[in-house]
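Read through the structure below, which is laid out as structure tokens, and then see the notes.
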Amino acid sequence: EAQVTQNPRYLITVTGKKLTVTCSQNMNHEYMSWYRQDPGLGLRQIYYSMNVEVTDKGDVPEGYKVSRKEKRNFPLILESPSPNQTSLYFCAARGGNEQYFGPGTRLTVT
Amino acid sequence: GENVEQHPSTLSVQEGDSAVIKCTYSDSASNYFPWYKQELGKRPQLIIDIRSNVGEKKDQRIAVTLNKTAKHFSLHITETQPEDSAVYFCAASIRYSSASKIIFGSGTRLSIRP
């Protein structure tokens with residue numbers, strides 16, 4: 001079964017405390033992305049990766065980092081989280097045109 | 001830059017009536033237009049898509065139409081049912097290009113009134 005998994009699913013943290021949200025896919029897809037979803041703004045791409053060791057900025061990359069050391073994993077790193085990064089985050093893996101989303105991570109930064 | 005506009009942002013229809021959501025895109029190179037449905041608390045899931053060499057595609061109660069000249073595409077849901085209540089996202093992309101981004105619209109919250 002095609003799967004994209006994310007952890008954690010829910011996270012409450014404080015300003016400035018570094019955190020990582022993991023993402024893993026079992027479909028051997030080359031293209032992976034991170035999105036954030038905010039009310040009225042839809043899905044905005046943060047970073048994407050076209051293959052191992054190839055990453056690029058999306059529309060809203062400020063305050064985020066990513067890495068792609070293996071094809072299956074694409075973690076999202078917030079070095080110093082701030083309250084404006086409170087959001088719902090989705091990882092996605094794309095093969096051809098079908099894009100599969102992970103279950104989402106709801107992050108609250110206080 | 002590339003942009004996808006989606007309207008309306010909210011839509012409420014009587015059960016059994018039809019619902020229409022409209023999108024426009026800016027990148028004339030876009031040739032693939034998927035629609036995603038996101039139920040409350042869940043991830044977006046692909047429900048239907050259309051390629052630019054096709055003007056209309058239908059799958060049971062759902063249909064999509066594309067006007068490439070006007071850069072418009074629409075989602076039509078007929079005989080709406082309570083389970084159609086969700087947020088719907090349109091998107092535009094370049095097919096067969098893993099290097100291309102999928103640009104999403106801002107979403108439409110569809111509510112079906114009993």
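So for the range B:3-24 (the condition being over 29 Å from A:H29 (Cβ atoms), among the β-branched types (V, I, T) and not in a strand (DSSP E or B)), does at least one residue qualify? No - not one qualifying residue is present in the range B:3-24. Checked against (1) facing another protein chain (nearest Cβ under 10 Å); (2) of a type outside the set (F, W, Y); (3) not in a strand (DSSP E or B), A:Q37 passes all but condition (3).
Scanning the range A:40-75 for residues that are without any contact (Cβ under 8 Å) to a residue 24 or more places away in the chain and in a strand (DSSP E or B) yields a count of 11. There is no residue in the range A:76-86 that is part of a strand (DSSP E or B), surrounded by 16 or more Cβ atoms within 10 Å (Cβ to Cβ), among the hydrophobic types (A, V, I, L, M, F, W, C) and at the interface with chain B (Cβ under 9 Å from one of its Cβ atoms).
Quick one: in the range B:1-27, of everything that is of a type in the set (S, T, N, Q) and buried (at least 16 other Cβ atoms within 10 Å of the Cβ), which residue is farthest from B:H72 (Cα to Cα)? Steps first, please.
Taking the range B:1-27 and keeping what is of a type in the set (S, T, N, Q), we get B:3, B:6, B:9-10, B:12, B:14, B:18, B:24, B:26.
Then keep just the ones that are buried (at least 16 other Cβ atoms within 10 Å of the Cβ); that gives B:6, B:24.
Details: B:Q6: 10, B:T24: 4 Å.
Taking the candidates together, the pick is B:Q6.
Somewhere in the range B:82-102, is a residue more than 9 Å from chain A (Cβ to nearest Cβ), buried (at least 17 other Cβ atoms within 10 Å of the Cβ) and among the acidic types (D, E)? So far as the range B:82-102 goes, yes, one or more of its residues are more than 9 Å from chain A (Cβ to nearest Cβ), buried (at least 17 other Cβ atoms within 10 Å of the Cβ) and among the acidic types (D, E). Note on the range A:6-54: among residues that are over 21 Å from A:P83 (Cβ atoms) and of a type in the set (D, E, K, R), the one that is modelled with the lowest pLDDT is A:E30. Across the range A:72-100, the number of residues qualifying as farther than 15 Å from B:K101 by Cα and at pLDDT below 95 comes to 0.
The values are calculated or read from the model by the stated rules, or taken from the named source; none is laboratory data. These numbers were taken from a predicted model, which means no experiment stands behind them. Positions of Cβ are generated from backbone atoms using ideal geometry, with glycine treated the same way; all protein chains shown enter the neighbour counts.
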